[in-house]
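The values are calculated or read from the model by the stated rules, or taken from the named source; none is laboratory data. Bear in mind the structure is a predicted one, so any value in this text is a computation, not a measurement. Cβ sites come from the backbone with ideal geometry, for glycine too, and all protein chains shown count toward neighbours. Surface areas here come from the heavy atoms of the whole protein model, side chains and all, with no ligands, DNA or RNA. Shrake-Rupley method; radii C 1.70, N 1.55, O 1.52, S 1.80 Å.
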Amino acid sequence: MKWETRPVIQASLDDLNMGLVTRYTGALRDTDITTDLDEVAAIEEKLRRAGLMTGVGTPTNAGILLLHDQPQRYIAGATVRIGFFGGRAGSPIFEDEVTGSLIEQVHRTVELIFDKYLADTGPVRPRGTHGSPPLPRDAVHEAVLNAVAHKNYESGTPIQVSVFADRLCIDNVGRPPRTWTVTALLGRHTSRPNNPNLVSALRSLGIIDGWGNGVGAMRMECIEAGLPEPIFELRDDETMVCFQMDEDSVMRTSLSGNDPATHASLTRSALSDAHAMAREAALQHDIGLTANDEKVLSMIDIDGRLTAPRIAKSLGVSESTVRRSFRRLRDLGIIDRVGSDKAGFWRVL
(Lines give C-alpha, C1' and ligand atoms only; values in the text may rest on other atoms or scores of the structure.)
Protein backbone atom coordinates (compact mmCIF):
# COMPACT_ATOMS: atom_id res chain seq x y z
CA MET A 1 0.00 0.00 0.00
CA LYS A 2 1.39 3.40 -1.00
CA TRP A 3 2.03 5.72 1.90
CA GLU A 4 -0.54 8.30 0.82
CA THR A 5 -3.35 5.71 0.80
CA ARG A 6 -2.67 4.34 4.29
CA PRO A 7 -5.43 5.07 6.84
CA VAL A 8 -4.91 7.45 9.75
CA ILE A 9 -6.91 5.44 12.25
CA GLN A 10 -6.83 8.13 14.94
CA ALA A 11 -8.90 10.50 12.77
CA SER A 12 -12.39 10.62 11.24
CA LEU A 13 -14.40 12.88 8.96
CA ASP A 14 -15.33 15.02 11.98
CA ASP A 15 -11.65 15.90 12.51
CA LEU A 16 -11.25 17.41 9.06
CA ASN A 17 -11.74 21.06 8.16
CA MET A 18 -15.31 21.11 6.84
CA GLY A 19 -14.64 24.22 4.79
CA LEU A 20 -11.84 22.40 2.95
CA VAL A 21 -13.95 19.24 2.62
CA THR A 22 -16.86 21.06 1.04
CA ARG A 23 -14.55 23.09 -1.18
CA TYR A 24 -13.11 19.86 -2.53
CA THR A 25 -16.32 17.82 -2.77
CA GLY A 26 -18.54 20.64 -3.97
CA ALA A 27 -21.05 20.15 -1.17
CA LEU A 28 -23.77 22.76 -0.87
CA ARG A 29 -22.84 24.08 2.55
CA ASP A 30 -19.91 24.08 4.95
CA THR A 31 -21.67 24.18 8.31
CA ASP A 32 -23.71 21.53 10.17
CA ILE A 33 -22.76 19.14 7.43
CA THR A 34 -23.06 16.06 9.62
CA THR A 35 -26.76 16.63 10.19
CA ASP A 36 -27.61 15.44 6.68
CA LEU A 37 -26.82 11.74 6.38
CA ASP A 38 -27.29 11.66 2.60
CA GLU A 39 -24.92 14.54 2.18
CA VAL A 40 -22.36 12.90 4.46
CA ALA A 41 -22.60 9.67 2.47
CA ALA A 42 -22.07 11.56 -0.80
CA ILE A 43 -19.04 13.40 0.62
CA GLU A 44 -17.47 10.21 1.96
CA GLU A 45 -17.99 8.48 -1.38
CA LYS A 46 -16.23 11.27 -3.28
CA LEU A 47 -13.35 11.27 -0.79
CA ARG A 48 -13.04 7.47 -1.13
CA ARG A 49 -12.93 7.67 -4.92
CA ALA A 50 -10.18 10.29 -4.65
CA GLY A 51 -8.11 8.15 -2.25
CA LEU A 52 -8.57 10.68 0.56
CA MET A 53 -10.65 8.35 2.75
CA THR A 54 -10.90 4.59 3.28
CA GLY A 55 -14.00 2.45 2.89
CA VAL A 56 -14.64 2.55 6.63
CA GLY A 57 -14.68 6.34 6.91
CA THR A 58 -11.07 6.87 8.03
CA PRO A 59 -9.02 9.63 6.33
CA THR A 60 -5.90 8.52 4.49
CA ASN A 61 -2.54 10.23 4.84
CA ALA A 62 -3.32 12.21 1.66
CA GLY A 63 -6.68 13.21 3.10
CA ILE A 64 -5.09 14.45 6.32
CA LEU A 65 -2.49 16.48 4.42
CA LEU A 66 -5.05 18.18 2.22
CA LEU A 67 -8.07 18.53 4.51
CA HIS A 68 -6.82 18.77 8.10
CA ASP A 69 -5.92 22.06 9.79
CA GLN A 70 -2.85 20.60 11.54
CA PRO A 71 -1.60 17.54 9.60
CA GLN A 72 1.65 17.49 11.61
CA ARG A 73 -0.35 16.09 14.55
CA TYR A 74 -0.61 12.83 12.62
CA ILE A 75 2.26 13.07 10.13
CA ALA A 76 5.69 13.98 11.47
CA GLY A 77 7.47 16.75 9.59
CA ALA A 78 4.40 17.82 7.58
CA THR A 79 5.47 21.48 7.84
CA VAL A 80 7.69 24.05 6.11
CA ARG A 81 10.71 25.57 7.89
CA ILE A 82 12.06 28.94 6.74
CA GLY A 83 15.40 30.23 7.94
CA PHE A 84 17.45 33.36 7.23
CA PHE A 85 21.23 32.71 7.14
CA GLY A 86 22.48 36.12 6.00
CA GLY A 87 25.80 35.84 4.20
CA ARG A 88 27.19 32.88 6.12
CA ALA A 89 26.71 29.19 6.78
CA GLY A 90 25.74 27.68 10.11
CA SER A 91 22.58 28.12 12.12
CA PRO A 92 19.88 30.53 10.92
CA ILE A 93 19.77 34.03 12.35
CA PHE A 94 16.02 33.68 12.71
CA GLU A 95 13.44 31.17 11.48
CA ASP A 96 9.76 30.29 11.22
CA GLU A 97 7.81 27.03 10.98
CA VAL A 98 4.69 27.02 8.81
CA THR A 99 1.85 24.66 9.72
CA GLY A 100 -1.73 24.13 8.50
CA SER A 101 -3.26 22.27 5.59
CA LEU A 102 -1.04 22.00 2.52
CA ILE A 103 -2.96 24.76 0.77
CA GLU A 104 -2.47 27.05 3.76
CA GLN A 105 1.21 26.09 4.00
CA VAL A 106 1.85 27.17 0.42
CA HIS A 107 0.02 30.47 0.90
CA ARG A 108 1.61 31.24 4.28
CA THR A 109 5.14 30.25 3.19
CA VAL A 110 5.11 32.55 0.16
CA GLU A 111 3.59 35.32 2.28
CA LEU A 112 6.34 35.02 4.90
CA ILE A 113 9.11 34.90 2.30
CA PHE A 114 8.05 38.15 0.66
CA ASP A 115 6.50 40.05 3.56
CA LYS A 116 9.13 39.22 6.19
CA TYR A 117 12.29 37.68 4.75
CA LEU A 118 12.50 39.74 1.54
CA ALA A 119 10.72 42.85 2.83
CA ASP A 120 12.03 46.31 1.97
CA THR A 121 11.71 47.36 5.60
CA GLY A 122 12.76 45.73 8.82
CA PRO A 123 16.02 44.75 10.52
CA VAL A 124 17.28 42.62 7.62
CA ARG A 125 17.00 43.10 3.88
CA PRO A 126 18.15 39.81 2.29
CA ARG A 127 18.12 41.11 -1.28
CA GLY A 128 20.68 41.93 -3.91
CA THR A 129 22.73 44.98 -3.01
CA HIS A 130 23.30 46.19 -6.58
CA GLY A 131 19.78 47.01 -7.71
CA SER A 132 18.89 43.50 -8.85
CA PRO A 133 15.21 42.92 -9.73
CA PRO A 134 13.09 41.33 -7.01
CA LEU A 135 12.31 37.65 -7.21
CA PRO A 136 9.13 36.88 -9.18
CA ARG A 137 6.49 35.87 -6.66
CA ASP A 138 4.82 33.42 -9.06
CA ALA A 139 8.08 31.51 -9.56
CA VAL A 140 8.65 31.14 -5.82
CA HIS A 141 5.00 30.13 -5.34
CA GLU A 142 5.42 27.43 -8.00
CA ALA A 143 8.60 26.14 -6.33
CA VAL A 144 6.94 25.93 -2.91
CA LEU A 145 3.88 24.25 -4.43
CA ASN A 146 6.06 21.69 -6.22
CA ALA A 147 7.92 20.90 -3.00
CA VAL A 148 4.68 20.46 -1.04
CA ALA A 149 3.03 18.32 -3.72
CA HIS A 150 5.98 16.02 -4.48
CA LYS A 151 7.61 15.63 -1.09
CA ASN A 152 8.27 12.19 0.39
CA TYR A 153 6.21 12.62 3.56
CA GLU A 154 7.33 9.26 4.90
CA SER A 155 10.71 10.86 5.63
CA GLY A 156 9.32 12.92 8.51
CA THR A 157 11.46 15.86 7.35
CA PRO A 158 10.01 19.36 6.88
CA ILE A 159 10.52 21.24 3.63
CA GLN A 160 13.39 23.69 4.14
CA VAL A 161 13.48 27.21 2.71
CA SER A 162 16.93 28.76 3.21
CA VAL A 163 17.21 32.52 2.63
CA PHE A 164 20.68 34.00 2.15
CA ALA A 165 21.77 37.54 1.32
CA ASP A 166 22.03 36.67 -2.37
CA ARG A 167 19.81 33.64 -2.97
CA LEU A 168 16.82 31.64 -1.83
CA CYS A 169 16.87 27.83 -1.86
CA ILE A 170 13.97 25.39 -1.42
CA ASP A 171 14.92 21.83 -0.50
CA ASN A 172 12.63 18.85 0.04
CA VAL A 173 13.03 15.11 0.50
CA GLY A 174 11.68 13.48 -2.63
CA ARG A 175 12.74 13.61 -6.27
CA PRO A 176 11.55 12.71 -9.78
CA PRO A 177 12.24 9.20 -11.16
CA ARG A 178 15.87 8.16 -10.64
CA THR A 179 16.39 7.85 -14.38
CA TRP A 180 15.84 11.60 -14.70
CA THR A 181 18.74 14.03 -14.82
CA VAL A 182 18.55 17.79 -14.31
CA THR A 183 18.52 18.07 -18.11
CA ALA A 184 15.40 15.90 -18.28
CA LEU A 185 13.80 17.98 -15.54
CA LEU A 186 14.50 21.20 -17.45
CA GLY A 187 13.11 19.78 -20.69
CA ARG A 188 9.58 18.93 -21.65
CA HIS A 189 8.34 16.04 -19.51
CA THR A 190 5.19 14.38 -18.25
CA SER A 191 3.90 14.79 -14.72
CA ARG A 192 5.29 11.92 -12.60
CA PRO A 193 4.11 12.72 -9.06
CA ASN A 194 5.33 10.90 -5.97
CA ASN A 195 1.87 11.43 -4.45
CA PRO A 196 -0.59 10.85 -7.32
CA ASN A 197 -3.76 11.03 -5.20
CA LEU A 198 -2.65 14.24 -3.53
CA VAL A 199 -1.64 15.82 -6.84
CA SER A 200 -4.91 14.71 -8.45
CA ALA A 201 -6.85 16.37 -5.63
CA LEU A 202 -4.82 19.59 -5.98
CA ARG A 203 -5.51 19.51 -9.71
CA SER A 204 -9.25 19.10 -9.04
CA LEU A 205 -9.07 22.22 -6.88
CA GLY A 206 -7.38 24.13 -9.71
CA ILE A 207 -4.20 24.65 -7.69
CA ILE A 208 -1.89 22.82 -10.12
CA ASP A 209 -2.33 21.89 -13.77
CA GLY A 210 -0.84 18.39 -13.60
CA TRP A 211 1.01 18.69 -16.92
CA GLY A 212 4.60 18.88 -15.66
CA ASN A 213 4.90 22.57 -16.58
CA GLY A 214 6.09 23.86 -13.20
CA VAL A 215 9.83 23.92 -13.90
CA GLY A 216 9.37 25.66 -17.24
CA ALA A 217 7.10 28.24 -15.60
CA MET A 218 9.74 29.02 -12.94
CA ARG A 219 12.45 29.43 -15.57
CA MET A 220 10.30 31.71 -17.72
CA GLU A 221 9.22 33.88 -14.78
CA CYS A 222 12.85 34.49 -13.80
CA ILE A 223 13.96 35.28 -17.35
CA GLU A 224 11.09 37.72 -17.82
CA ALA A 225 11.97 39.37 -14.49
CA GLY A 226 15.53 39.96 -15.71
CA LEU A 227 17.05 37.40 -13.31
CA PRO A 228 19.20 34.33 -13.98
CA GLU A 229 17.35 31.06 -14.31
CA PRO A 230 16.85 29.09 -11.11
CA ILE A 231 19.38 26.34 -10.45
CA PHE A 232 18.01 22.83 -9.95
CA GLU A 233 19.77 19.93 -8.27
CA LEU A 234 18.72 16.29 -7.93
CA ARG A 235 20.36 14.26 -5.17
CA ASP A 236 19.77 10.64 -4.21
CA ASP A 237 16.56 11.44 -2.36
CA GLU A 238 16.19 15.23 -2.48
CA THR A 239 15.32 18.00 -4.89
CA MET A 240 16.60 21.57 -4.53
CA VAL A 241 15.89 24.75 -6.45
CA CYS A 242 17.81 27.99 -5.83
CA PHE A 243 16.84 31.47 -7.00
CA GLN A 244 19.64 34.03 -7.37
CA MET A 245 18.77 37.49 -6.06
CA ASP A 246 22.00 39.38 -6.77
CA GLU A 247 23.32 39.30 -10.35
CA ASP A 248 26.73 40.58 -9.22
CA SER A 249 27.33 37.72 -6.79
CA VAL A 250 28.55 34.22 -7.51
CA MET A 251 25.70 31.73 -7.26
CA ARG A 252 26.53 29.12 -4.64
CA THR A 253 24.36 26.15 -3.73
CA SER A 254 24.63 23.27 -1.29
CA LEU A 255 25.82 20.79 -3.89
CA SER A 256 26.98 18.32 -1.27
CA GLY A 257 26.23 17.44 2.32
CA ASN A 258 23.01 17.73 4.28
CA ASP A 259 23.40 21.31 5.50
CA PRO A 260 21.47 23.73 3.24
CA ALA A 261 23.97 26.41 4.17
CA THR A 262 27.04 24.45 3.00
CA HIS A 263 28.76 26.50 0.28
CA ALA A 264 30.16 25.02 -2.93
CA SER A 265 30.82 26.85 -6.19
CA LEU A 266 28.41 26.36 -9.05
CA THR A 267 30.13 24.17 -11.63
CA ARG A 268 29.82 24.19 -15.40
CA SER A 269 28.01 20.86 -15.24
CA ALA A 270 25.12 22.64 -13.51
CA LEU A 271 24.38 24.51 -16.74
CA SER A 272 21.66 23.12 -18.99
CA ASP A 273 22.90 21.08 -21.94
CA ALA A 274 21.67 23.79 -24.31
CA HIS A 275 23.70 26.50 -22.60
CA ALA A 276 26.85 24.39 -22.27
CA MET A 277 26.61 23.43 -25.95
CA ALA A 278 26.05 27.04 -27.02
CA ARG A 279 29.07 28.32 -25.12
CA GLU A 280 31.26 25.54 -26.51
CA ALA A 281 30.15 26.23 -30.08
CA ALA A 282 30.73 29.96 -29.67
CA LEU A 283 34.21 29.31 -28.27
CA GLN A 284 35.13 27.07 -31.23
CA HIS A 285 34.05 29.78 -33.69
CA ASP A 286 35.70 32.55 -31.67
CA ILE A 287 32.32 34.20 -31.23
CA GLY A 288 31.09 35.58 -27.95
CA LEU A 289 27.49 34.97 -26.93
CA THR A 290 25.83 38.06 -25.54
CA ALA A 291 23.65 38.05 -22.44
CA ASN A 292 20.65 38.51 -24.75
CA ASP A 293 21.71 35.48 -26.80
CA GLU A 294 21.68 33.32 -23.68
CA LYS A 295 18.34 34.68 -22.52
CA VAL A 296 16.78 34.08 -25.93
CA LEU A 297 18.18 30.54 -25.92
CA SER A 298 16.72 29.94 -22.47
CA MET A 299 13.29 31.08 -23.54
CA ILE A 300 13.07 29.02 -26.72
CA ASP A 301 14.53 26.05 -24.83
CA ILE A 302 11.44 26.32 -22.62
CA ASP A 303 8.96 27.04 -25.44
CA GLY A 304 10.10 26.93 -29.04
CA ARG A 305 6.89 28.59 -30.27
CA LEU A 306 7.71 31.91 -28.63
CA THR A 307 7.82 34.71 -31.20
CA ALA A 308 10.38 37.48 -31.52
CA PRO A 309 7.85 40.15 -30.40
CA ARG A 310 6.93 38.13 -27.29
CA ILE A 311 10.57 37.52 -26.37
CA ALA A 312 11.50 41.16 -27.05
CA LYS A 313 8.69 42.38 -24.79
CA SER A 314 9.70 39.97 -22.02
CA LEU A 315 13.36 40.95 -22.16
CA GLY A 316 12.79 44.66 -22.71
CA VAL A 317 14.80 44.75 -25.96
CA SER A 318 13.98 45.41 -29.61
CA GLU A 319 12.71 42.75 -32.00
CA SER A 320 15.78 43.27 -34.17
CA THR A 321 18.00 42.37 -31.17
CA VAL A 322 16.08 39.12 -30.69
CA ARG A 323 16.25 38.30 -34.40
CA ARG A 324 20.02 38.85 -34.35
CA SER A 325 20.22 36.33 -31.52
CA PHE A 326 18.12 33.91 -33.57
CA ARG A 327 20.56 34.25 -36.49
CA ARG A 328 23.65 33.90 -34.31
CA LEU A 329 22.35 30.80 -32.55
CA ARG A 330 21.25 29.25 -35.83
CA ASP A 331 24.61 29.98 -37.50
CA LEU A 332 26.32 28.23 -34.58
CA GLY A 333 24.16 25.17 -35.12
CA ILE A 334 22.48 25.52 -31.74
CA ILE A 335 18.91 25.97 -33.00
CA ASP A 336 17.01 25.49 -36.22
CA ARG A 337 13.58 26.41 -37.50
CA VAL A 338 10.97 23.70 -37.99
CA GLY A 339 8.18 24.72 -40.36
CA SER A 340 7.29 28.13 -41.69
CA ASP A 341 8.07 31.49 -40.13
CA LYS A 342 4.40 31.92 -39.30
CA ALA A 343 3.35 28.44 -38.14
CA GLY A 344 6.66 26.77 -37.21
CA PHE A 345 8.78 26.69 -34.08
CA TRP A 346 12.40 26.85 -32.92
CA ARG A 347 14.11 23.59 -31.97
CA VAL A 348 17.20 23.40 -29.79
CA LEU A 349 19.49 20.83 -31.41
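Structure summary
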read-out	value
Diffusion constant of the range 37-182 at 20 °C, which comes from Stokes-Einstein with the Kirkwood Cα-pair radius and 1.002 mPa s, µm²/s	126 µm²/s
Under the Karplus curve 6.51 cos²θ - 1.76 cosθ + 1.60, θ = phi - 60°, whole-Hz ³J(HN,Hα) for the range 98-113, x wherever Gly or Pro sits	9, 10, x, 4, 4, 4, 5, 4, 4, 4, 5, 4, 5, 4, 5, 4
Relative intensity, log₁₀ I(q)/I(0), of the range 294-346 from a Debye sum that treats every alpha carbon as a point, q = 0.19, 0.30 Å⁻¹	-0.57, -1.41
Cα-projected label distance for D14 with F114, points at 7 Å along beta-carbon direction, nm	4.0 nm
List L20, L66, ordered by accessible area with a 1.4 Å probe, largest first	L20, L66
Subset of K2/K116; K46/K151; K116/K313; K295/K342 violating a 28 Å alpha-carbon distance limit	K2/K116; K116/K313
Theoretical FRET efficiency, 1/(1+(r/R0)^6), r = Cβ-Cβ of L234 and V40, R0 30 Å, to 0.05	0.10
Inter-label distance for R88 and T290, nm, one decimal - labels placed 7 Å from Cα along Cα-to-Cβ	4.3 nm
Cα→Cβ-extended label distance, 7 Å offset, between R188 and E319, nm	2.5 nm
